[in-house]
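To keep things clear, I will list the structure first and then write my remarks on it.
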Amino acid sequence: MSDISSADAFEMKRQTRGRLWRYAPLVLWMAAIFFASTSELSASHTALVLEPLIRWFWPRISNEAIALVHLLVRKAGHFGEYTILGLFAARAFRNSTHRSLRRHWFLAAAVLICFYALTDEYHQSFVPSRTASIYDSMIDMSGGLTALVLITLWRLIRRRKQKRIDAANSSAVHR
């Protein structure tokens, strides 16, 4: 005979689905970042796609301008991929079943972002076609932390708006 009742089994399945719903996007995005750090998305490989595209839009562009656009697109990619990481980390930690993680979601997400940005560049130091750069780590961290700050501001604005609505409703009831 099983020690787990059907109600307990259902609750365990529900909790597992909840964790999967919260953390799977975060883990999958971290795997995507790891893949992006391989030789598959090195500068030489992205140039093969980006240069013809740039030349199609601007046929008379100089090689120096192409190099600059390529650099800017790659750095924007760093910022963007970590902005998304910040969004997924905030989503996972703000909705955690662990009270302390929910309460300190910003700090937990910030630590994860910074740690992953540094280890990402460390990983790149072992890939022959890549170079590790602390500046790229700083761009990564900036993207992730920007997402966390924007989420915090958005939540603050929503809370203030709700307080105004609640105060207006309360004063209307008391008239």
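See the values below:
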{"read-out": "Pick from region 27-83, criterion touching a Lys or Arg at 6+ places or on another chain (Cβ under 7 Å) and among the hydrophobic types (A, V, I, L, M, F, W, C), ranking: nearest to Ala117 (Cα to Cα)", "value": "Ala43"}
{"read-out": "Residues of region 112-139 satisfying the condition of being of a type in the set (D, E, K, R) and under 13 Å from Phe79 (Cα atoms)", "value": "Asp136"}
{"read-out": "Matching option when the condition is at negative phi, outside any helix (DSSP H, G or I), surrounded by fewer than 16 Cβ atoms within 10 Å (Cβ to Cβ) and in contact (Cβ under 8 Å) with a residue 60 or more places away in the chain, among Thr97, Thr131", "value": "Thr97"}
{"read-out": "Candidates Thr97, Thr131, filtered to the one that is in contact with a Lys or Arg (Cβ under 8 Å, 6 or more places away or on another chain), at pLDDT below 95 and not hydrophobic (A, V, I, L, M, F, W, C)", "value": "Thr97"}
{"read-out": "Residues of region 139-156 classified as without any contact (Cβ under 8 Å) to a residue 12 or more places away in the chain and under 21 Å from Leu26 (Cα atoms), total", "value": "4"}
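The values are calculated or read from the model by the stated rules, or taken from the named source; none is laboratory data. Quantities reported herein were computed from a predicted structural model and do not represent experimental measurements. We place every Cβ from the backbone using ideal geometry, glycine too, and count neighbours over all the protein chains shown.
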